[in-house]
Amino acid sequence: MILLNLGMLMVPPIIIWYIHGHRQKDERSARKRIVWYAIWFLVVNGGSYAVSYARGVKGFSFRDMTLSYRVKYFTVGCILALLISFVILVKDRVILGVKRLVEDVHRFAIDMRKYFKYSVRLAKADLKTEVANSYLDWLWWLIEPFCMMLIYSFVYGVVFRTSEQYFTAFIFIGLTAWSFFQRNVSSSVNMVRYSKDVISRIYIPKYILLFSKMLVNGFKTLISFGIVGIMMIAYRVDITINILYIVPILIDLFLVSFAVGVVFMHYGVFVRDLSYIIDIVLQMLMFMTGTFYSLSNRVPAPYGEILEKVNPVAYLIAAMRDVLLYGKGASWLMLLVWAGISIIVLMLGISKIYRNENSYVKVV
Amino acid sequence: MGRKKREGKQGNAIEVRDVSIHYKLFDNITIRHSLFRKHKKEDVFEAVKHVSFSVKEGGILGIIGKNGSGKSTLLRSIAGVFSPNSGTIDLKGHSVALMALGIGFKNTLTGRENIILSGMLLGFTEKEMMDRLQNIIDFAEIGSFIDKPVSTYSSGMHSKLAFSITAMLETDIMLVDEVLSVGDEHFRLKSLAKMKELIEDKNRTVIIVSHSIDMLREMCDEVLWLHDGEIKEIGEPVEVLSHYAAFMTR
C-alpha cells in the first residue's frame with residue numbers, strides 16, 4: 001500500500017526529471033539534481049491535485065482512496081509530466097519562433113511604409129487600364145454588381161420566394177461584401193505565379209502585390225456601397241447613428257480578407273492546383289455565408305447561429321445589414337475578436353512569406 | 001560632394017563573402033503528387049558554391065563562364081531578388097539596378113506606368129521618377145507606344161524600354177546581364193555608347209555578365225571565371241580570358 005502511495009506521487013515527476021536532466025547533459029551536481037527533483041515533484045503533484053480538486057475531490061487522505069482514483073491521479077500526473085517535458089524540449093524553438101515573429105512584424109511595418117506608395121500607384125494604374133480597355137469605362141463597376149443583384153433577387157425573391165425587409169438592398173450588401181472577400185482570396189492563390197516577371201527582376205515583399213490588388217477591389221467595393229446608399233434612400237430606410245458602425249465593419253472585412261489571402265498566397269506558390277480547391281471551397285462558403293438569405297432566420301435553430309459565429313464573413317455581412325438597413329448596432333466585442341484573430345493570422349502569414357519568399361522566385 | 005568623398009576612400013563597393021545559393025528542384029507539386037507519391041528526397045541543386053570576391057568603388061568586374069554556371073543566379077542575388085542561402089552580400093548602402101532582358105514589366109500596364117513603377121521599386125520616389133520620365137521616354141524612342149500596354153510591344157521595343165529605364169536611372173551599382181545589343185542597328189549603337197559612358201564613369205561600380213570575350217577584355221578591370229558555381233579564376237582580364245578561351249575550345 002505504501003508502495004502504491006509512493007509510486008502514485010513519485011513516478012510522474014521522474015519522467016520530467018529524467019528528460020530535463022538528459023537535456024542538460026547531466027552536468028549538474030547531485031545536490032542540484034535533488035533540488036530539481038523536488039521542484040518537479042511539487043509542480044506535478046500540485047497540478048494533479050488541482051485537477052482532482054477541480055473535479056470535486058476536495059480532501060486528500062490516503063486511507064479512503066479508491067484504486068480507480070489512484071490510477072486516475074497517476075495518469076493525470078504522467079500526462080502533466082509529459083506535457084511539461086514537451087514544453088521544456090521545444091522551449092528554445094518556441095522562444096525563437098516568438099522572437100522571429102516580432103522581428104518580422106517590425107520588418108512588416110518598415111516595408112509597409114516603404115512600399116505603400118508603390119502599391120497605391122500600382123492599384124491606380126490597374127484601375128486605369130481596366131477603364132481604358134473597355135467600351136463602357138468605369139460604368140462596368142456599377143453595371144456588373146447591379147446586374148448580379150438583379151439575377152440573384154430574381155432567383156431568390158421570385159423563384160424561391162425568400163423574402164426579407166428591403167430585399168434588394170439586403171442581397172446587394174451580401175453580394176458586395178462576399179465578392180470582395182472572394183476576389184481577394186481567389187486572386188491571391190496565383191498572385192506570385194502571375195507576377196513572375198516583376199519578382200524575378202527585383203525584390204518586393206510579395207504581400208505588397210496582394211495588398212495592391214486589395215486596394216483595387218476595395219475601391220470597386222466602395223463604389224458598390226455607394227449604390228447601397230442610393231438604394232437606402234430609395235427604400236426610405238430609417239437612418240440611425242448606428243450607420244457609423246459600417247467603418248469598423250469594413251476595416252474588419254479588409255483585415256479578414258488580407259489575412260486569409262496572405263496564407264493562401266504562400267501555399268499557392270508551392271501547390272499548383274490549390275486554385276481548384278479554393279474555387280470549390282469558396283463556392284460552398286458563399287452559400288453558407290448567407291449572401292442571399294439571412295443565416296440566423298433561415299437555417300434551422302442552432303446551425304444558423306453557429307454558422308454566423310464561426311464564419312467571420314457571415315458575421316460581418318449580417319452586421320452590415322443590421323447596421324445599414326435595420327438600425328441595429330453591432331457588437332464591439334465580436335468586431336474586436338475578429339480583428340484580433342485576423343491580425344494574428346496575418347502576422348503569421350506575413351512571417352511565413354518572409355521566411356519563404358526567397359524560394360518563390362526559384363519555384364515559379 | 002558625396003561622390004567625391006567616396007572616390008577618395010577607394011573602398012570596396014561590393015563585398016561578396018562565402019556565398020552559396022541552391023535551388024530545390026521541386027517543380028511540379030500538385031496535390032495528386034503529394035498524396036500518391038512516396039516522399040522523394042528533395043533534389044538540391046547548388047547553383048553557386050562558396051563564392052567570395054569584392055569589387056572596388058568604380059571598378060568594373062566581368063563574369064564569364066559557360067551556360068548554367070551560376071552567373072545570372074549570382075547577379076540576381078546581388079541585385080537582391082533573393083538572398084543567398086549562406087554567406088553575405090554587402091553593397092555598402094549603394095543603390096543597385098539589374099539590367100537584364102525582359103525586365104519586370106506588368107504586361108497589362110502602359111509603358112509610362114511601368115517606368116514609374118519600376119523606378120519606385122528601385123527606391124526612387126514618385127516625384128523623382130516624374131522628373132526622369134521624359135528622359136527615359138526620349139531615349140527609348142518607341143513613340144506613341146509609350147501609352148499602350150506593354151503586351152502590345154514588339155520584343156525590340158520591350159528591350160529598348162527596359163534598357164532605357166536602367167540606363168537613365170543611373171544607380172550607384174549597375175549589374176548588366178547580357179544586354180549589350182538591343183534593338184535595331186541605330187539603337188544598338190546608341191545603347192552601346194550610352195553603356196560605355198555609364199560603365200566608364202569613375203563613380204559607378206559595374207558587374208557585367210557576358211559570353212563575349214572581346215568585350216570583356218576591352219571593358220573590364222577584372223574578370224571572374226565561374227565554373228559550375230565555383231570560382232575557377234579571378235584576376236587580370238587578359239590572363240583569365242585567355243585561359244577561359246583555351247578551356248572552351250579544348
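Structural remarks
- Test result for B:Leu74, within 14 Å of chain A (Cβ to nearest Cβ) and buried (at least 19 other Cβ atoms within 10 Å of the Cβ): yes
- Residue within segment A:219-233 that is part of a helix (DSSP H, G or I), of a type in the set (Phe, Trp, Tyr) and either over 27 Å from A:Asn358 (Cβ atoms) or more than 19 Å from the chain's Cα centre (by Cα) (or both) present: yes
- Of all residues in segment B:211-229 being within 22 Å of B:His94 (Cβ to Cβ) and at pLDDT 85 or above, the one that is surrounded by the most Cβ atoms within 10 Å (Cβ to Cβ): B:Val223
- One residue stands out in segment A:199-225 among those that are over 22 Å from A:Lys114 (Cα atoms) and among the hydrophobic types (A, V, I, L, M, F, W, C): the one that is farthest from the other protein chains (Cβ to nearest Cβ), namely A:Phe225.
- When B:Glu42 is tested against (1) in a strand (DSSP E or B); (2) surrounded by fewer than 14 Cβ atoms within 10 Å (Cβ to Cβ); (3) at pLDDT below 85, only condition (1) is not met.
- Test: residue in segment A:138-160 that is among the charged types (D, E, K, R), assigned to a helix (DSSP H, G or I) and either within 14 Å of another protein chain (Cβ to nearest Cβ) or crowded, with 19+ Cβ neighbours inside 10 Å (or both): no
- Screening the candidates A:Ile280, A:Ile317 for the property of being surrounded by fewer than 17 Cβ atoms within 10 Å (Cβ to Cβ) and within 20 Å of the chain's Cα centre (by Cα) yields one hit, A:Ile280.
- Residue check, B:Ser159 more than 22 Å from B:Asp177 (Cβ to Cβ), part of a helix (DSSP H, G or I), of a type in the set (Gly, Ala, Ser) and at pLDDT below 90: no
- The residues of segment A:93-122 that are exposed (fewer than 12 other Cβ atoms within 10 Å of the Cβ) and within 14 Å of chain B (Cβ to nearest Cβ), listed by number, are A:Ile110, A:Arg113.
- Looking only at segment B:199-250, residues that are within 22 Å of B:Ile173 (Cβ to Cβ) and either in a strand (DSSP E or B) or among the hydroxyl-bearing types (Ser, Thr, Tyr) (or both) come to 15 in all.
- Whether a residue is within 14 Å of chain B (Cβ to nearest Cβ) and over 26 Å from A:Val256 (Cβ atoms) was assessed, and A:Lys196 passes this test.
- Some residue of segment A:166-173 being assigned to a loop (DSSP other than H, G, I, E, B) and more than 14 Å from chain B (Cβ to nearest Cβ): yes
- Helices (runs of 4 or more DSSP H) within segment A:276-364 that include 2 or more residues more than 30 Å from A:Met231 (Cβ to Cβ): A:301-310, A:332-363
- Residues in segment B:171-198 that are at pLDDT below 80, aliphatic (A, V, I, L, M) and either under 14 Å from the mean Cα position of the chain (by Cα) or within 25 Å of B:Glu128 (Cα to Cα) (or both): B:Val179, B:Leu180.
- Every residue from segment B:106-146 that is assigned to a loop (DSSP other than H, G, I, E, B) and more than 9 Å from chain A (Cβ to nearest Cβ): B:Phe124, B:Glu141, B:Ile142
The values are calculated or read from the model by the stated rules, or taken from the named source; none is laboratory data. Only a predicted model underlies this, so the values are computations on that prediction, with no experimental measurement involved. Every residue, glycine as well, gets a Cβ built from its backbone with ideal geometry; the counts of neighbours run over all protein chains shown.
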